[in-house]
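Everything on this sheet refers to the single structure shown next.
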Amino acid sequence: MISAEMISGRLGVGYRTWQAYTIVDYPGVFVGIITIGVLGFATSAAVELLGRRVTRWLPRAQEGIR
C-alpha cells in the first residue's frame, strides 16, 4: 500500500517520503523509512497475533521446542 501511495497518492507516509526524496530532504526520507518500518513491524505482529488466536487448532513450531 505504501508503494502505491508513492506512485499515485497525495496523502500518506509513502507520499511524504517520496516528496522528501524529490526535494533532497534526506532527514525527512529517513524519518519516512523508519516510520514505514515501524508500521510494517506493528502490522505484521498484529496479523500474527490475530492469526494465532483465530486458528488455535493449528500446531505451532515453538510448541515442540519446549
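Here are some notes:
- Taken over the stretch 1-19, the residue count meeting the criterion of being in contact with a Gly (Cβ under 6 Å, 6 or more places away or on another chain) and either surrounded by fewer than 17 Cβ atoms within 10 Å (Cβ to Cβ) or modelled with pLDDT under 70 (or both) is 3.
- Note on the stretch 39-54: residues that are surrounded by 10 or more Cβ atoms within 10 Å (Cβ to Cβ) and either β-branched (Val, Ile, Thr) or outside any helix (DSSP H, G or I) (or both) amount to 2.
The values are calculated or read from the model by the stated rules, or taken from the named source; none is laboratory data. As the structure is a computational prediction, the values presented were derived from the model and not from experiment. Using ideal geometry, Cβ is built from the backbone for each residue, glycine included, and neighbour counts are taken over all protein chains shown.
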